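All of the numbers you see were taken from the coordinates with simple rules; none came from a lab. Quick caveat: nothing in here was measured; it's all calculated off a predicted structure. Because the Cβ atoms are built from the backbone with ideal geometry, glycine has one as well, and the counts that use them run over all protein chains shown.
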Amino acid sequence: MEIRAAIATAAKQPLTVETVTLDGPKAGEVLVEIKATGVCHTDEFTRSGADPEGLFPSILGHEGAGIVAEIGPEVKSLKPGDHVIPLYIPECRQCEFCLSGKTNLCGAIRATQGRGVMPDGTSRFSRNGAMIHHYMGSSTFANYTVVPEIALAKIRADAPFEKVCYIGCGVTTGIGAVINTAKVEPGDNVVVFGLGGIGLNVIQGARMAGADLIIGVDINPDKRQLAEQFGMTHFVNPKEVEGDLVPYLVSLTKGGADYSFECIGNTKLMRQALECCHKGWGTSIIIGVAGAGEEISTRPFQLVTGRVWKGSAFGGAKSRTDVPKIVDWYMEGKINIDDLITHVMPLERINEAFELMHKGESIRSVIRF
Ligand code: NAD
Ligand code: DAO
Ligand code: ZN
């Protein structure tokens, strides 16, 4: 079938909205009509060429929501008309990773997903006979996409697509990092580096968990108001701190953070996030994705004296199991998504979403099809 998609033709180039050929779903695959998709910093990470695994040409986008249009052979758990969220971390419930009970990093289709193809090693997307890569197993910058059954969460039919698409990445990543990875408890002190689409959801999660101090760190003072609305108790702009940021944060938390979260992708800040943690138990969670070839460092004594460094992918959420529950939380008014969606636009204007992100003017831009 002919579809409309935003193509990343080469690194650093604006996306081009074009007609693309999409082959139908093969065994274990599902054709999804995408109704809405968020534009996340990770899409920009790949578009910009900073992603060591970035492939071109490709159809980016990994934060979508839509309706099952057609199922391929052997698909059992979904039917046409079901409302779904594509998952860049699938949940096969059969692989070593899924059965371990220790991680959400399902390994079932990791190798082919990383090569930008479907599990059978081929792409469903092409243009003038030449293949276009899939992206993160999702490729939601298109009005139709094909996704493996194990990478789709079935959600309730009354949830608005242009809001719950954000659960496909940012909401789950931020709230999940607090609840699943850090396991923040009532009374804990939390420091959040970066108050963007991920960091604000960390703040929202920290408030839900009952954290006491929730300190937000950002160089953009315009982020302060929304962060306070979501539960931030103290704002720190590193540009306004005299001296080093780390002792300032240790002093503000009266000894160090119980938990810190790096939501930017900056290795220097990852170090600061670790070192502002409390001696003996403070844990720092890396969420931000750093550029190709970058490395983190600290003095090993920071770890010897009890600080812990962890990472979190998709908030540690078991995707097909947890995403429908988070959609329910939104529909029950337990989490706020609406105020984080600052811009809505059609696919033809998708490059504006990247410009707004660069200018720091958006939290989430959503493409509505
Ligand atoms: P964003 O651009 O919306 O937010 C980043 C924030 O960091 C902005 O508010 C910006 O002002 C602030 N910032 C930039 N430089 C700073 C500095 N030096 N000091 C303090 N603040 C600074 O990005 P986002 O969508 O929130 O994504 C954040 C990161 O999370 C990205 O690296 C993204 O790739 C990553 N990410 C990770 C996962 C995961 O599963 N681990 C999922 C999604 C996104
Ligand atoms: O299983 O080896 C693996 C990788 C799984 C993908 C993890 C991606 C999480 C971070 C990327 C940002 C997502 C938007
Ligand atoms: Zn698995």
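Quick one: which of Met136, Met118 is touching a residue at least 40 places away in the same chain (Cβ under 8 Å) and on the phi > 0 side of the Ramachandran plot? Steps first, please.
Details: Met118 fails: on the phi > 0 side of the Ramachandran plot.
Just one listed residue meets the conditions, Met136.
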task = Output the qualifying pairs, or none if there are none: Cβ atoms under 8 angstrom, residues six or more apart or on different chains, first residue in region 296-313 and on the phi < 0 side of the Ramachandran plot, second residue away from ligand 1 (no atom under 16 Å from the Cβ) and part of a helix (DSSP H, G or I).
result = Trp309/Leu303
query = Which one of Gln229, Gln272 is buried (at least 16 other Cβ atoms within 10 Å of the Cβ), in contact (Cβ under 8 Å) with a residue 60 or more places away in the chain, within 19 Å of Gly196 (Cα to Cα) and among the polar types (S, T, N, Q)?
reply = Gln272
remark   = Among residues of region 71-104 being within 10 Å of ligand 2 (Cβ to nearest atom) and surrounded by 15 or more Cβ atoms within 10 Å (Cβ to Cβ), the residue farthest from Phe161 (Cα to Cα) is Phe97
ask   = Within the set of pairs 6 or more residues apart or between chains, which connect a residue that is loosely packed, with under 14 Cβ neighbours inside 10 Å inside region 280-292 to a residue that is among the hydroxyl-bearing types (Ser, Thr, Tyr) with Cβ atoms less than 8 Å apart?
value = Gly280/Thr305
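In contact with a Lys or Arg (Cβ under 6 Å, 6 or more places away or on another chain) and farther than 14 Å from Cys263 by Cβ: does that describe Gly231? Working first, answer last.
Details: in contact with a Lys or Arg (Cβ under 6 Å, 6 or more places away or on another chain): yes; farther than 14 Å from Cys263 by Cβ: yes.
Answer is yes for this residue.
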Considering residues of region 105-114 that are buried (at least 17 other Cβ atoms within 10 Å of the Cβ) and over 14 Å from Asp322 (Cβ atoms) only, the residue farthest from ligand 1 (Cβ to nearest atom) = Thr112
query = Among the candidates Lys154, Lys183, which residue alone is farther than 30 Å from Thr283 by Cα, among the charged types (D, E, K, R) and more than 16 Å from ligand 3 (Cβ to nearest atom)?
reply = Lys154
task = For region 126-137, indicate whether the set of residues that are under 23 Å from Val327 (Cβ atoms) and among the β-branched types (Val, Ile, Thr) is non-empty.
result = no
